[in-house]
Structure formats: structure tokens, C-alpha cells
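The values are calculated or read from the model by the stated rules, or taken from the named source; none is laboratory data. If you're wondering where the values come from, they're calculated on a predicted model, not measured in any experiment. Here the Cβ positions follow ideal geometry from the backbone for every residue, glycine too, while neighbour counts run over all protein chains shown. Remember, those area values only see protein heavy atoms, side chains included, never the ligands or the DNA or RNA. Shrake-Rupley method; radii C 1.70, N 1.55, O 1.52, S 1.80 Å.
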Amino acid sequence: GNRYDYGLDQWLVGQLDRFSVTALGDYEISEFVTAYAEGEFTFRHSLNQLAPQPTGGTSLWPAPLPIPLSNPYIPSDLASQATDKDGGYFWMYRRMKDVGRRKYENNMITFRVLTGLKGEIGPRFNWDVFFNYSKMFNAGVTHNSVNLRNLYTVLDPDLCASESLCPGVANLFGEDNMQDDVAAYVRYTEQDQSMWDMAQTGLSLTGKLVELPGGYLTGVLGSEFRWERGYTLPDAMIASGDSAGNIYEYTGGDYNVQEAFVELMIPILANMPGANELTIDLAGRISSYNTFGSEFTYRAGLAWAPLADIKFRGVFSTAFRAPSINNLYGGSADSYQAVTDPCNGWSWDNSDPILAQNCEDSGAPETTDPKKPWTQAGSQIRTNVGSNPDLGAETSAQMNFGTVITPTFIPDNVGSIAATFDFYIISVENAITNLDSQTIVDRCFNSPNMSHEYCNYVSDRGRTGDIMGLEARLKNIAEINTKGMDFTLSYGLPITPDFKIDLNFYGNVLLEMKEKNTAAETTEDRLGTIASMSNYDGALAKFRFMTNLAFGGTNWKLSNRIRGVSGVEVFGWDGGTPDETLDDLPNKDIPAVAYWDLSALVMWKGLDFIIGMDNVLDKDPPYIPQGNANSNNNTYDWMGRYVYAKIGYQF
């Protein structure tokens, strides 16, 4: 229908200003001991703009906005249509353009200090002891937010009369008709804070243990302790639910981990017929978290070069990702998920008996006209996607094997060539994600007497019959399986002693990308697709590449870079007609895209001068049928032609 076109008000690319300083140093205390330190400081200011805030329901206020029929600004033809079931109100959804477009401002400070001692124990052993501290603080400001409590006051003449600060009854009908003093009363500025810090200390001992035919067996033994803490303090209006924005609660917590690790590099053979190199590397690490317990990870690798020109390599390793502070202690957070109510369009004449009974019992209205069944008011349902303190670690296993080719028989005047090829398989289990909102409602409403456990996550229906909310907190319920190939090629051609041509190529072929939601018992094949409803998932293209052709001398270099990604299909878009009233349907196939970048480097007396241009041809991103931005900035360039310059000085 005639919805508000919020895309016209939003920025695709925000403003960013950043200032950073880095200092590195070391001091030789004695012949065998050196002290070292690193320091980094960064200040970042960013600004972005979104459309005016939508109003029409939170967990504390009804959906949509109830405007008493006593409000004098309701047009008479609309007021006359009110019936007894409307309860004396005119109900409305509205974007608060009169209050202004939302401006999101962030001021972030980060710093890091590392200090340590390192030294030697005899000719074969080295040691290192360090302490590292990092901190981030961010002050966020959201301009032109809506105070729902004040908005409800100015909509109701009786409430406004009882509130001494109320400037008058609001006119929400028509465009830009809200009075300035009323808009100022409804408008407020959100302010929130977030902080994260980490302290880490560790020690390691590296040594040449035993001499083997291929060289020294080298080992590393070490231990680390890490403590992390963080919090997010929302604006009081957000936390109370009086804001029209998404509600989220205070996040705060900490955890610590103790780790011990060992690594071995075992050179079995070297410089022998059929074994120019034969090396095994082994590593193991045990990590003990005070939140979920212990994890052991390991790595085993083998490298064999029958000749100096070719090497074969393979690695098998395991890994894990611990749940973050936000995952564990994030509290409740609202998200508006795209969900089709199972009762949308239901009636006793056209629905499964179990579904029909559940729809009636839950309060989904049944219309008297079977040709006009009840339909949900919107495509989204407010969903709590908050944290879960009982989360465990995500775990993975990965294997890759490949080859490195470096021909030594090619004459120097012909150039140097190197190529690599690697095949990889990665599996992730117990991945942390939210329960799928659609799965929750489908499982619930299709179970006899709404007996499925997921019904505990579905709230009651409001006055319009719409589900008021869902619970979809984080759980360890996902699996990801992927495989593919990486390959590189580099070629260097010396023309003169002061002039050289370099060509480098990198490519990736994605062979499999499957995501499984174990709670929903569904597996999605995402190979060659891009998400249509989320701007945060990039294209899972079957092929992507980057190539760079550079010309350079002793003190200068010119580079031509081309980066590209193959075509993809919009995930979840079947090419059918989502709305019969649409005349122009978007194509589900997104074409291949490539970008051309240029840069130049000149070095003079310790100074580095760099100038460059990305997306030289000013190529627009491809259109994707996506409600947020009609494209995807994780894969495609929104900025367009971009010119930059840098100056560096080494001393």
C-alpha cells in the first residue's frame, strides 16, 4: 500500500573521522635481556542518519497508536468510521517526520598498552614475559527519538489537560501538521554508554631441543591468563520502554580464561633426494573458562617437498569461539523480524483443523466474509533476541591440503614465478544464533492444542489479533559446513635494475556452503546466494578474485588492481509474484561485478607519498530486492569513485 518510503531519508554511507597515534620502543637492559613496549590510542567520531522513528507499539505500549476520538484533529470522515470494537479510539501507525530524522552519533576512544621483557638463556633458548591492557569506551547519542509517554499525552485531550507541561493536543494527520512546541515535547535525545576492557599476561619459552637430519626440533611452551569485562548502559528511556525505539537492557559482566599451550616443529629430513623438506608441526592448547568450562584444541601439519620446486602441505586443526560478554550478559534486546503469522488468512473453511482451532483459541479474529479472511497488520513481529548466560562454545574442525610451486629452473631474465593451491573443508558445530522466529510460530500453531514447547516463546495477541511478541534468545543450535579452493599466482619480471613488473592473482572457488538450524531441523544451501532480507550477510559467491599489476622502481610504484565477485542468486527469492499489484518485478539473479582501483607510491628522504582512486569507473552497486537499502555493502561498493592520499614518515 501507500507506505512511508524511509529509504529516501537514510544514508548509505556515514561520516567518519578518526585520529590515531602509535608508539613502539625497546631498551636493551643487558646483553641477554630487552624491555619492550607498545602503545596505541585512537579517537573515532561517526555520524549516520536513519528515517524518522516509527511508532506503533512496544512491549509497554499498545500497537498501533490509540488516538482518542476526542482528539479534535481526527478528520470527521475517519472518525465516523469508528465502531464499538475500536474502543473509542482511532488506531494509527506513523513515522514521526515532524520530530525529525534520526541522527546516530558515536564518540569512541580506544587505547592499548603492552609491555614486556624478553631474553636469551644460552644459545638455544629464548623467553618472553608480557602484560597487555586494552580499553574501549563509546558514548552514543541518538537525536530526534520519540518519547512515547509524552506522545500518548499529547494525543489525548484529557491527559494533556492533566499534565502541566503538555503544550497542547497533537495533530498527527496530514504531513508536517504537528505543532512545533508539541514536536519539541515529544522529541528527546538518547544517550548511552558502552565500555570494554581486557587485561592479559603470559609467558613463553622457545628453544632448539634436539638436532634432527632436517634441522633442530624447535618447541614452544607457554601459558596465558586473560580477563575481559564489558558493559552497555542504555538510555533510561530505552530501558524503561518509554522510547519508540527498540528496547534493550543493561549489559554487564566479565569472564576469565587460563590457557596453556605447546608447539613443536619437527624437521625430519632436508636437502635429500626425494625429500628437499619433510617437516611435521604439532600444537595443542587447553583453555579453561570460568563461564562454561574447558576446551582442548590441537593442530597437526605435514609439509613435504620432494624437490625444491614443489611442496605439498596439509593441516588438520580444531578451534572454538567462546561466547562473548554480549552473548552471555546482554539482557533483553528487541528486533523486528519478518514473520508470517500461521493464522494469516485463516478461516474454518480453508485451514487445517488443528491450525484453525489454535488460531481461534489464541484470539486471531475470524471474519464473517470468507473472501476477506483476517490478515496480520504488518510483516514484522517484535522479537526478543537477547543473550543467554547458559551458552557454550562454538566448535569447529578444519582440514586443508595443497601445494606450493616455485620453479627454480626459470632464468632470472625471464622472471620469477610462484603459485599455490589449497583445498579446505570447515565444519562449525554448536554455532550461536537466535531461534528462527518463523520456526517458533509454525511449530507452535501446528501442534495439537498449542502443546509444542515453542508456544512458551509466543506472547498473547493484541486488540488487532496480531502476535505482540516472540522470545528468540541465543542458543547453540546452528551448524555450518563449507568447502572450497584458494589459489594464487605471482610473477615478477625485472626489465632493468631499477624497473620491475609484478603481477599477482588471488582466487577463491566456493564449492559448498550449508547452514543447518538444528532446532528447526532445516538445512539451507547458501552456495552462490546472497541474503535478501539482511544487509549483514555478504554474497556467498561461487568465485571471487583479486589481481594486481604493478610497475615500479627503487623509489616509486604504480598499481592497477581489479577485484571481482561472480553473480549470485538472491536467497529466498523464488522469482514469483509477491504482490499482484507490482508491475515491475525484480530479477532474482544478480550479475557479476568487478571494480578497478589505481594507486601510486613515491618514496623520498624517509617520506612515503601515496595517492589512489578506488572504483575508478564509478560503478553503482547492483540492485537487490531488499527492504533496507536495495543492495549489500558487505560485498558491493556503495561509496562510488573514491580518491585518497596518505603521507608517512619513517624515523
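Worth a mention:
- Each label point was placed 7 Å from the Cα along the Cα-to-Cβ direction; for Asp618 and Tyr6 their separation is 3.1 nm.
- Cα point-scatterer Debye curve for the chain, base-10 log of I(q)/I(0) at q = 0.11 Å⁻¹: -1.49
- Binned Cα-Cα distances of the range 440-485, short to long, each 5 Å bin given as a whole percent: 5, 18, 19, 20, 13, 8, 6, 5, 4, 2, 0
- Relative contact order computed over the range 310-454 (Cα-Cα under 8 Å; 6+ residues apart), in percent: 34
- Contour excess over end-to-end distance, with Cα ends at Leu282 and Phe609 and 0.36 nm allotted per residue: 113.4 nm
- For the chain, size of Cβ-based charge dipole, Lys and Arg +1, Asp and Glu -1, in debye: 1700
- Net dipole in debye of the range 243-353 [+1 Lys, Arg Cβ; -1 Asp, Glu Cβ; about Cα centre; nearest 20]: 620
- Relative contact order (percent, whole number), the chain, Cα cutoff 8 Å, 6+ residue spacing: 7
- Kirkwood analysis of the range 154-194, using all unique Cα-Cα pairs, places the hydrodynamic radius at 11.5 Å.
- Segments 259-272, 321-334 sorted - mean Cβ within 10 Å per residue, highest first: 321-334, 259-272
- The heavy atoms of Ser162 present about 90 square angstrom of accessible area, all protein chains included, probe 1.4 Å.
- Accessible area in square angstrom per residue, the chain, 1.4 angstrom probe: 54
- Integer Hz, Karplus 6.51/-1.76/1.60 couplings in order for the range 611-625, x for Gly and Pro: 9, x, 9, 9, 6, 4, 8, 6, 6, 7, x, x, 6, 10, x
- Dipole of the chain, positive end: most advanced residue of Tyr250, Cys444, Cys160 [Cβ charges, Cα centre]: Tyr250
- For the peptides 554-564, 341-351, the ranking by mean Cβ contacts within 10 Å, running from highest to lowest, is 341-351, 554-564.
- The range 223-352 - percent of accessible surface contributed by carbon and sulfur, probe 1.4 Å: 57
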